[in-house]
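Below is one structure, written out as structure tokens, with a few remarks after it.
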Amino acid sequence: MLSTVTADGTTADGSSLIDGIVREGARRMAAALESDVDAYRAELADQRDEKGHRLVVHNGYHQPRWVTTAAGVVEVRTPRVTDKRVDELVESAQQRWRAVNVPHLVAPVRAGARFERGRLVEHPEAVAA
């Protein structure tokens with residue numbers, strides 16, 4: 001759609017052209033998200049549980065988020081999907097995992113620290129000897 005823009009950057013109805021562009025972009029983004037969710041659900045529509053219920057369903061929307069743009073704040077709603085499929089790889093691994101009960105040690109482990117019998121090993125070569 002073509003719009004006539006005045007010298008101060010507003011359209012005939014008094015709104016800013018950039019506002020219209022941002023709002024249209026938000027509408028298109030929401031439509032793209034809806035389309036992705038619909039395609040995902042359609043792809044998995046044949047997967048059902050023992051009662052015949054679908055394992056992947058549309059479950060409303062997340063809380064609206066407010067995105068700040070150059071043209072102001074725009075509300076964005078994202079669709080919510082519930083996926084109750086069970087992955088046997090994940091289920092078998094989960095049975096062997098321990099819950100993290102010392103969250104302050106997660107960062108050192110991710111950084112490569114080694115623990116042996118619950119104690120930090122500072123010199124791995126000394127332990128091996």
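Annotations
- Net charge of neighbours whose Cβ lies under 12 Å from the Cβ of residue 79, counting Lys and Arg as +1 and Asp and Glu as -1: 0
- Phi angles across the stretch 18-27 convert, under the Karplus curve 6.51 cos²θ - 1.76 cosθ + 1.60 with θ = phi - 60°, into 3J(HN,Hα) values of 5, 4, x, 5, 5, 5, 5, x, 5, 4 Hz, Gly and Pro given as x.
- Kirkwood Rh in Å, taken over all unlike Cα pairs in the stretch 24-74: 13.3 Å
- Given R0 = 41 Å, the distance between the Cβ atoms of residue 35 and residue 114 translates into a calculated FRET efficiency of 0.30.
Coordinate-derived values only; no laboratory data. Nothing here was measured: the structure is a model prediction, and the numbers come from that model. Heads up, the Cβs are rebuilt from the backbone with ideal geometry, glycines too, and the neighbour counts pull from every protein chain shown.
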